[in-house]
Amino acid sequence: MVALLLLTLVLAAVLAYEAWDAGRSHRRTAERALRDYAAFAAQELASSAAGPLQSALADVFAPVAGTKALSPYELLASPVVLTNTADSVLRCGSADDARRFYFRLDFRNRELVTSGAALAPRQRAALADTIAAHAQRVYQREWRSAALIGPGDRALVYAVKFAEHGAPLAAYGFETCASAFGAPLFHRLAERHALLPGTVMHGASNDSLLSVRIFDASGRDLYRSPVQYLSPFGASASLDRFGGLAASVTLRPRIAEALVLGVPLRSRLPLLLGLLALTGALAIIAIQQLRREHDLARLREDFISSVSHELRTPLAQILLYAETLSLGRIRSDDERRGAADVIVQEAQRLRQLVENVLHFSRAERQLTRLAPELTALAPLVTEIVAAFMPFARAAGAEIHTDLDDRLAAKVDRGALRQMLLNLLDNAIKYGPPGQTLVVALESVTADRVRIRVDDQGGGIPVDERERVWTSFYRLPMHAASAVAGSGIGLYVVRELARLHDGLVWVESAPAGGCRVVIELPRAADQDGGPIAHRAMAVAPEPVR
């Protein structure tokens, strides 16, 4: 059974690991899906911005670069033509527009012609080198235009005119501010154009689902949506033709789980560890219960063995003397009386053992029922001690009594007899030969009375004085000895005392040995009243 419980715990651990691994796999899949959503939105923003801008710039450069030259020696149009077509495209503020100029760079002889704002010689040389290098290394023939975003919030937009055979002839373009590629271009798109599929957005606005950022190759922001979210689920898309511009989209954290259609993003590890710990705790409890059941089964076996041994001794004595009487081997009347006395004593001892077992069985099933009645205690205790005297004499022990004749209590006479006989039997059984037992009856308070039994044995260790009252328990030194015992005598004493609303405990006797105290509720003090007088009239002489 323990092996099965351990295997169950191992299985629970394996299942917990598999669940955790499946959750981790689902989480990775969900995170990839969210990043794909962000990448889709960024690409949608980039393509949505590039399309209209490309169309507008195609119209701007149509007069100068829209058709191929029939000959590489064809005369080129002046950049002044662009002032008519590009004047309203990618405008800046009034101050920056004063710096706007148009240019034509002839690749055949590196001639640079400009119109608009004047350029210094150094600026002209830098412009020619930049356009020539970009057109040669980056610009592709199928493009209609391109842009370069430079430092200082300036940008160059140009298109290349090709000859019929494909050779680049010249670049036409104009300068503007980099901010012209920001809010004027992307604000309307970010606000009104759906960047995610309609089945995902369900009519919601972009701002409620994601944030947008447009930046150049140096990381400088050209546009930021009003609301910015911090989330690991983001992606960027490049606008290759426009000077390294990139669009970045970040999903709103709270909406992320809805976008992956219910796939949980929260870690289930604490829950799984909690369930595993609970399974382990239950397995440990089950193992402890199994050990307890095993111990109880062993104790029951020991109990049966001990009871059988204790019953066998008086039965053997009864059978021996009964056979002696039956076979007529008695030689005198004294021997006949002695044999009869032995049979009576052993029968009483046997009855006490059976009563102990019956009381224990009833106590275990909580079926013990008492019939308490107002009783003078001194005569009852004297009677019980007198009945036990033959057993004491057989062990070479003496019993002294110290009884207060005035005390009375509501007790079940049979139950009190069983309690006192169990204590006397234990004192004789575990004490030395020739010892003197003391049975005392005294009043301690106005409403409590005590019966105590003192012996001269080895006593009970302090740390064992509570355990001796549990069922089947015997002191280790007694369990290992040849003295027979069932381990239920003191348990029965405590249960019967509890049913009387009383207490029992063990302490050290003043002269050494062990003292066991039974404390019971006391009836009203009679002070020599009728009950006390009647009791004293029938009480035998105290045993000394």
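The values are calculated or read from the model by the stated rules, or taken from the named source; none is laboratory data. Keep in mind it's a predicted model, so treat the numbers as computed, not measured. We place every Cβ from the backbone using ideal geometry, glycine too, and count neighbours over all the protein chains shown. Just the protein is used for accessible areas: all its heavy atoms, side chains included, with ligands, DNA and RNA removed. Shrake-Rupley method; radii C 1.70, N 1.55, O 1.52, S 1.80 Å.
Indicate the gyration tensor shape class of the stretch 9-138 (rounded, prolate or oblate), computed on the Cα atoms with a ≥ b ≥ c the square roots of the eigenvalues: a/c under 1.5 is rounded; otherwise a/b larger than b/c is prolate and the rest oblate.
In terms of gyration-tensor shape, prolate.
Could you calculate the contour length gain from Leu320 to Asp240, that is, 0.36 nm times the residue separation minus the distance between their Cα atoms, to one decimal place in nm? Kindly include the intermediate steps, with their values, before the conclusion.
On the way: separation 80, 0.36 × 80 = 28.80 nm, distance 11.80 nm.
Full extension of this stretch gives 17.0 nm more.
Which of the cysteines found in the chain have nothing to pair with, since no other Cys Cβ lies under 4.7 Å from theirs?
Cys514
Please work out whether the stretch 272-411 counts as rounded, prolate or oblate from its C-alpha gyration tensor, where a ≥ b ≥ c are the square roots of the eigenvalues and a/c under 1.5 means rounded, while otherwise a/b larger than b/c means prolate and anything else oblate?
Values: a/c = 3.62, a/b = 1.75, b/c = 2.07.
The shape class here is oblate.
Need one number: nm distance between label points at Thr445 and Ala297, each 7 Å from Cα along Cα→Cβ, rounded to one decimal.
Distance between label points: 4.6 nm.
Taking the simple approach of a point 7 Å from Cα along Cα-to-Cβ for both Leu282 and Val354, what is their distance in nm?
Between Leu282 and Val354, the simple spin-label model gives 4.8 nm.
Taking 8 Å as the Cα distance limit and 6 or more residues as the minimum spacing, I'd like the relative contact order of the chain as a percentage.
On the way: 824 pairs, mean separation 65.6, N = 544.
That works out to 12 percent.
Calculate, for Asp501 and Asp402, the FRET efficiency according to 1/(1 + (r/R0)^6) with r their C-beta to C-beta distance and R0 22 Å; round to the nearest 0.05. Can you show the working numbers first?
Values: r = 25 Å, r/R0 = 1.12.
Efficiency, rounded to the nearest 0.05: 0.35.
Rg to Rh ratio, the chain, alpha-carbon atoms and Kirkwood radius? Working shown, then result.
Details: Rg = 54.4 Å, Rh = 34.2 Å.
Rounded to two decimals, Rg over Rh is 1.59.
For Lys410, enumerate residues with amide H under 5 Å from its amide H, sequence gap 5+ or separate chain, H modeled in the peptide plane.
Thr375, Ala523
Check which residues have an amide H placed less than 5 Å from Ala170's amide H, if you skip close sequence neighbours.
Answer set, sorted by chain and number: Phe107, Lys161.
In what sequence, highest mean first, do 384-393, 113-122, 171-180, 329-338 appear when ranked by Cβ atoms within 10 angstrom?
Numbers: 384-393: 18.1, 113-122: 13.0, 171-180: 24.0, 329-338: 11.1.
Going by the mean number of other Cβ atoms within 10 Å, highest first, we get 171-180, 384-393, 113-122, 329-338.
If the chain between Lys68 and Leu271 were fully stretched, how many nm would it gain, using 0.36 nm times the residue separation less the Cα-Cα distance? Could the numbers behind the result be given before it?
Details: separation 203, 0.36 × 203 = 73.08 nm, distance 6.97 nm.
Length gained, Lys68 through Leu271: 66.1 nm.
Per residue, how much accessible area does the stretch 1-97 have with a 1.4 Å probe, in Å²?
Numbers: 5560 Å² over 97 residues.
Here the per-residue accessible area is 57 Å².
Could you order the peptides 370-382, 75-87 from most to least packed, using the average number of other C-beta atoms within 10 Å per residue? Write down the numbers at each step before the final one.
Details: 370-382: 17.8, 75-87: 16.2.
The packing order, highest mean first, is 370-382, 75-87.
Can you compute the helix-only [θ] at 222 nm over the chain? Use -39500 (n - 2.57) per DSSP H run of at least 4 residues, normalise by all residues, nearest 500 deg cm²/dmol.
Computed mean residue ellipticity for the chain: -16500 deg cm²/dmol.
With a 10 Å radius around each residue's Cβ, average the other Cβ atoms per peptide and rank 50-61, 19-30, 207-218, 411-422, highest first. Intermediate values should be presented prior to the final figure.
On the way: 50-61: 17.0, 19-30: 14.2, 207-218: 19.6, 411-422: 21.5.
Output ranking for 50-61, 19-30, 207-218, 411-422: 411-422, 207-218, 50-61, 19-30.
Would you grab the residues whose amide H sits under 5 Å from the one on Leu437? Only those 5+ places off in sequence or on another chain, please, with H modelled 1.01 Å from N.
Glu398, Ile399, His400
Taking the Cβ-Cβ separation of Arg331 and Leu7 as r and a Förster radius of 60 Å, what is the calculated FRET efficiency to the nearest 0.05?
Values: r = 73 Å, r/R0 = 1.22.
Efficiency, rounded to the nearest 0.05: 0.25.
Can you give me the distance in nm between label points at Asp463 and Thr29, each placed 7 Å from the Cα along the Cα-to-Cβ direction?
5.9 nm
Work out from phi, with θ = phi - 60° and the Karplus expression 6.51 cos²θ - 1.76 cosθ + 1.60, the ³J(HN,Hα) of each residue of the stretch 8-20, listed in order in whole Hz, and give x for Gly and Pro.
4, 5, 4, 4, 4, 5, 5, 5, 5, 5, 4, 5, 5
Of Phe242, Ala316, Ala159, which is farthest towards the positive pole of the chain's charge dipole, taken about the Cα centre with +1 and -1 on the beta-carbons of Lys, Arg and Asp, Glu respectively?
Ala159
Ignoring ligands, DNA and RNA, what accessible area per residue does the stretch 342-475 give at 1.4 Å, in Å²?
Numbers: 6040 Å² over 134 residues.
On a per-residue basis, 45 Å².
State whether the stretch 433-473 is rounded, prolate or oblate according to the following rule on the C-alpha gyration tensor (a ≥ b ≥ c being the square roots of its eigenvalues): a/c under 1.5 gives rounded; otherwise a/b larger than b/c gives prolate, and the remaining case gives oblate. Let's see the in-between values first.
On the way: a/c = 2.63, a/b = 1.26, b/c = 2.09.
Taking the square roots of the gyration eigenvalues as a ≥ b ≥ c, the stretch 433-473 is oblate.
Can you give the extra length, in nm with one decimal, that the chain gains between Asp106 and Gln366 once fully stretched, where that is 0.36 nm per residue apart less the Cα-Cα distance? Display every interim value, and only then the final one.
On the way: separation 260, 0.36 × 260 = 93.60 nm, distance 11.39 nm.
Between Asp106 and Gln366, full extension yields 82.2 nm more.
Suppose R0 equals 41 Å. What FRET efficiency, 1/(1 + (r/R0)^6) with r the Cβ-Cβ distance, do Tyr17 and Met477 give to the nearest 0.05?
E between Tyr17 and Met477, to the nearest 0.05, is 0.20.
Size of the dipole of the stretch 1-117 about the Cα centre, Lys and Arg at +1 and Asp and Glu at -1 on the beta carbon, nothing else charged, in debye to 20? Working shown, then result.
Numbers: 12 positive and 12 negative charges, 40 e Å.
I would put it at about 200 debye.
In debye to the nearest 20, how big a dipole does the chain give about its Cα centre with +1 on each Lys and Arg Cβ and -1 on each Asp and Glu Cβ? Don't skip to the answer; put the middle values down first.
Numbers: 61 positive and 58 negative charges, 459 e Å.
Charge dipole, the chain, about its Cα centre: 2200 debye, nearest 20.
Report, to the nearest whole %, how much of the accessible area of the chain belongs to carbon and sulfur atoms, 1.4 Å probe, protein only.
Working: 16150 of 28810 Å².
Here carbon and sulfur together make up 56 percent of the probe-accessible area.
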